[in-house]
Every structure is written in C-alpha cells, then in structure tokens.
Amino acid sequence: MKTGKPRVLLLSARSGAGHVRAAEALEKAFLARGDSTVEHIDALDYVSKLFERTYDKAYLAMVRRAPEWMGVLYERTDQPWRHLRPRLALDRLNTRPMIRLLKRVQPDLCVATHFLPAEMIAWLIAKKKLRARNAIVVTDYDVHAMWLCGTVDRYYLAREEAAEYLAHIGVRREKLRVTGIPIDPLFAVPLPRARAREQLGLDQEATAILISAGGYGIGPVEQLVKNLLELERAWQVEKTRKRLEELARAARRLPSGAPRLSAVGFTAEMDKYMAAADLMVGKAGGLTTSECLARALPMALIEPIPGQEERNADHLLEAGAAIRCNNLPAAAWKIATLLDDPARLDGMREAAGKLGKPAAAAAIAEDALRLLD
C-alpha cells in the first residue's frame, strides 16, 4: 500500500542474537519517528534450507563445542577486499528467495544488521536491480572483512577506531558514521538504581550482580553462580536463565528477606536489571556490552568467544570498563576482589558511562533517512 512515506526494510539474521536485537531496536526507532513505513525480516527465512542450517545451527554448534575454531575462522577470513567474488557467487546461489523478495518489494532504504543481506543488497544495487539506499550497521566494536561491500551508502560503527580502520582500507570517510551499536530505546530513558530495584523487588542495600549468558544461553554460568554463592557474601545474584530455579530455591535469603539468587528466565526488562545492578557478569557480545555501557554498568567478561568477542573484550579492557575472567575456577574470587574495592568499581562505572551511546538507534534512523533527501 502506497502511503507517500519512504519504505524502510530492516534485515537481520539469527546467527547470533545480537543481529536481530539491533534490528528490533532500529525498528522501534524508525516507528517512533512516524515518517516512514518499516518492516523487519530475518534473512535466514529467505535462503535455502541447507544454507540456513549452516548459518544457524552450525554457528551455535561451533560456539558451544569448538570455540577455538571460531577464532581461527574469524582471523583467516578477516582479509579486506579479498575473496569477494567467490563468496558472492556462493551466497547468490543460496539466497534466491531473498533476492526475489528484494526485487519485488523495492524498498527505498535498506538497513542491514548482518553482512549476508548487506552483501546481496549491494550486489542488486550495483546491477541496477534495486534502487534502494544501502546502510550497514556493524554490531561489534571491530569491523570484520565480511562486512565490506562495494555499493554502500553508510557504515554505522561503534567506535572512532573502526572508522579510522575503514578509511585506511579504502572506504570513503563521508560514508562513515560513529553512532554506537543500536540498542532498545528504553536504555536511553534514565532510571535511578533505587527505583529499578524497587520495581524488581530487589534489596536496596545489598550488592547486585547480574549474570547473563546472552541470547543463546552460552557459557559456564551455573558453576559460576554456585561459586559466588559459596563465598557467603551479602550479595544478590540475578541470573537470567530458568535452569537455575532449583538452585535459587536452595539459596538462603538476605537479612532483608529478599532472595539471594533470582533466576529470572527470558526477560524484556533487561534495561531495568542493568539499571539495578552493580556489576554484569557474562559474554562480550556487541549488543549486551552496549546495553551495559548505556547504563554505566561495569562488566566482568567470562571466557569471550575467540574472534569478535575477544576483540570486543580488548576494547572494553583498554577503556577500563571491564575485567576479564579467563579461568572459571578463579572467576568468583576475581569478581569478589573487584566488589571489595568500591573506588575501582566506581572508576569502571565512570569509564562505562563515557563509552555509552544509548541513543544510537535514533541517531541511525535520523541519519539513514537523510540518504533519501
């Protein structure tokens, strides 16, 4: 239906939950403006079945069972502007439903939060089969070679260093915008810690540790929770997976009567939990860490996945917003040592707040629509 408004197509892929969450954040930002029609699709719904299994299930299997191979694959494929033709030929063969969709819909603006649809959009535009503007949102702090395409109007990046890198390998600077990674606009709404704890039923005085294994529940978090509880500190631990409910029932309560361990399960209130917490313990995914930074929440990073998570972790450590726990048996001790040093924790909180870009989604929506002027 023609409305006179520009048509925006957001394209993500569920090989890593962050790509989808970034697109969902952008969808909210575009809809809040009210000056465009917006649709969000998962590109893996428009590929061959074999390709879908490779991208989705094989990715998770490698992350869970052989993360070291993820690092090897990441490094070996991070060769800017090389192997573009073979990759394009393979992707064209397996993404024919996506190509048909794009040619049929003919959006005015495409915004991709995953490199697979970004590549196909760029090819269609180059072949004059698509008239859309093409914007790419990189969902990690570094830019891997897989994100590079020839026909792109904008790259939206997390850091100035990423922009410098792209400029030095041949991307024109006028195409680069440092906006931060798009997160849910709720993170741009200030929420005092005391109010967040009141809304969530948490103790106002006890230290609150938020433990998250990310969108796919990856990571050795159950043993870590047990180790933290065994330290017998006056902490309250928020864990966002249902499998710890039995452990939560067995844990003693705080003197105030509040539960020592809250097993939350999936939640749409992560903005509140991050506002309430003193420390987040978990993975170094681009979206999770960006949400923490938006809430000025220090991080303890557990065994980052080799490749993009390790690079994300490096940048956070360099800025002083995180610590890294490489050895699970010592992780609880390392976290306790940090929490026993309030001055250090305050410094990390300040560093995280300086890096935070809670309005990234709105900034991207505003700039991307200017491409249509």
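Counting alpha carbon pairs within less than 8 Å and at least 6 residues apart, what relative contact order, in whole percent, applies to the chain? Contact order relative to length: 18 percent. For Asp45 and Asp346, the FRET efficiency from 1/(1 + (r/R0)^6), where r spans their Cβ atoms and R0 equals 56 Å, is about 0.80.
When the inverse distances between all different Cα atoms of the stretch 255-373 are averaged and flipped, the Kirkwood radius reads 15.7 angstrom.
Radius of gyration (Cα atoms) of the stretch 1-142, expressed as a multiple of 2.2 N^0.38 Å: 1.09. When you restrict to C-alpha pairs under 8 Å that are six or more residues apart and normalise by the size of the stretch 256-373, the relative contact order lands at 26 percent.
For the peptides 201-208, 9-16, 142-149, 169-176, the ranking by packing is 9-16, 142-149, 201-208, 169-176, with the highest mean count of neighbouring Cβ atoms within 10 Å listed first.
Highest-first packing order for the peptide set 33-41, 102-110, 82-90, 288-296 is 288-296, 102-110, 33-41, 82-90, based on the mean count of other beta carbon atoms within 10 Å. Close amide-amide hydrogen proximity is noted between Arg133 and Leu109, Cys110, each under 5 Å apart and 5 or more residues distant or on a separate chain (H modeled in the peptide plane; Pro and chain starts excluded). Label-to-label distance for Leu31 and Leu191 is 1.8 nm, based on points extended 7 Å past Cα in the beta-carbon direction. The reciprocal of the average 1/r between distinct C-alpha atoms defines the Kirkwood hydrodynamic radius, which for the chain equals 21.5 Å.
Residues of the stretch 295-338 falling in the label zone of Glu75, defined by backbone nitrogen less than 13 Å from a point 7 Å along Cα to beta-carbon, are 306-308, 310-311. Computed packing ranks the peptides 113-123, 343-353, 299-309, 361-371 as 113-123, 299-309, 361-371, 343-353, most packed first, by mean other Cβ atoms within 10 Å.
Extension gain for the segment Ala126 to Arg370, taken as residue separation times 0.36 nm less the Cα-Cα distance, is 85.8 nm to one decimal.
Readers should treat all values here as calculations from the given coordinates under stated rules, not as data from a laboratory. Here the structure is a predicted model, which is why all the values come from computation and not from measurement. Note that we place each Cβ from the backbone using ideal geometry, even for glycine, and neighbour counts take in every protein chain shown.
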